[in-house]
Amino acid sequence: MNRRSLLRLMAGSAALGASWRSVAQGAASDAAYPAKAIRLVVPFPPGGAADNLGRPLAKQLSDMLGQPVIVDNRPGANTMIGAEYVVNAPADGYTLLLANEAGLSLSPAMAPITQVKVPYDAAQDFAPISVLGQYGSVLSVSPRLPARTLGELIEYARQRPKALNYASFGVGSQPHMMMEILARQAGIEVTHVPYKGVAPAVVDLVAGHVQAMISAPSAPLPYIRDGRLRALAYSGSARLPDLPDVPTFAEAGMPDFEARGWFGVVVRAETPEPIKASLRKAVWAIVNSKEYQAAAILPSGYEVPSVDPAGFPAFLADDMSKWKSTVAAVRDRLA
């Protein structure tokens, strides 16, 4: 073997060795996960419905994994600000997103109408980890309204076109969409008043500055309990245990009305599979623990999820398709 051939062989061996070292280091890195603090991005303001799930999750996940889990609230743009932050973070499992239908299903479906560019591909850029909770929505109204039933509210609005003001968490949010679907099915005209988050929306609803809102139960529930808000209907297939006297929409005369949502954890799609598997196992164990259910899911009026991590990808794909069809059905009311 001449000197040139020997040098080529040595160079090739060195490159192969470097490649194997890179693979080994990656495997060791995955096996050692987590080796530092994890950031849980909550794309909602502090103190809201998402925080009720996120902060107990962070505590239990920290206890389970042996590393701090820091809650990072990054609200705005119908959760797109927080989601964009996660998309631009390294795909190493140290930045998680507490997602829901707003940013992953609704915002992309609304983009052709709002002309707001979604800074990610929801179907391609995120990998589902676990659902945290599912929920129906409750229609809450100010007690200053004379309506005490869903039928009376519809009749009130029918006699006063566009006089009924309703709150949402922003254009394209689930409360916005659900109220417009209700209005379309009921044949009424209502006026949308968007807010930057659930807290200011509920405050103005309680104060009577707006008259109605459809939302997850967690935010209005304390005010419904103490009489400062009146609940007219719930969108679950059965009555909410915390509101046993409130009929479902089907019981109240609207059997085709549906307003359900979810919260879950996702990461960047390129995150190594061993890390995703580790997170799925840990988060799902927490979701199924009595401690988390008692601290986070049930007090907020959420349901323990019926979708496990293996079913989450198909569930998310179906949710994206459903919202695309839903937006198309009410496009004339939103344009």
Do you know which residues across segment 317-334 are within 19 Å of Gly236 (Cα to Cα) and either open to solvent by 70 Å² or more (accessible area, probe 1.4 Å) or hydrophobic (A, V, I, L, M, F, W, C) (or both)? Asp318, Trp323
Just one of the numbered conditions (1) modelled with pLDDT of 50 or more; (2) in a helix (DSSP H, G or I) is not true of Leu16; which one? (1)
Out of everything in segment 88-129 that is of a type in the set (S, T, N, Q) and either surrounded by fewer than 24 Cβ atoms within 10 Å (Cβ to Cβ) or free of Cβ contacts under 8 Å to residues at least 60 places away in the same chain (or both), what residue ends up being nearest to Ala49 (Cα to Cα)? Thr95
State which residue is nearest to the chain's Cα centre (by Cα) when the search covers only segment 255-273 and only residues that are at pLDDT below 95 and either part of a helix (DSSP H, G or I) or crowded, with 18+ Cβ neighbours inside 10 Å (or both). Trp262
What residue, of Ala252, Ala269, Ala296, Ala317, is farther than 24 Å from Ala102 by Cα and among the small types (Gly, Ala, Ser)? Ala252
Return the only residue of Asp63, Asp30 being open to solvent by less than 80 Å² (accessible area, probe 1.4 Å), modelled with pLDDT of 50 or more and among the acidic types (Asp, Glu). Asp30
Those residues of segment 151-175 that are surrounded by 23 or more Cβ atoms within 10 Å (Cβ to Cβ) and at pLDDT 95 or above come to a total of 5
What do you reckon, is Val206 closer than 22 Å to Met177 by Cα, out of contact with any strand residue (DSSP E or B) (no Cβ under 8 Å at 6 or more places or on another chain), of a type outside the set (Phe, Trp, Tyr) and surrounded by fewer than 24 Cβ atoms within 10 Å (Cβ to Cβ)? yes
Do we have Ala147 as open to solvent by less than 10 Å² (accessible area, probe 1.4 Å), farther than 30 Å from Lys276 by Cα and assigned to a helix (DSSP H, G or I) here? no
Candidates Lys281, Lys324, filtered to the one that is at pLDDT below 95, of a type in the set (D, E, K, R) and not in a loop (DSSP other than H, G, I, E, B): Lys324
Exactly one of Ile70, Ile81 is within 21 Å of His176 (Cβ to Cβ) and open to solvent by 40 Å² or more (accessible area, probe 1.4 Å), and that one is Ile81
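The values are calculated or read from the model by the stated rules, or taken from the named source; none is laboratory data. These numbers were taken from a predicted model, which means no experiment stands behind them. For neighbour counting, all protein chains shown are included, and Cβ atoms are generated from backbone atoms with ideal geometry for every residue, glycine included. Surface areas here come from the heavy atoms of the whole protein model, side chains and all, with no ligands, DNA or RNA. Shrake-Rupley method; radii C 1.70, N 1.55, O 1.52, S 1.80 Å.
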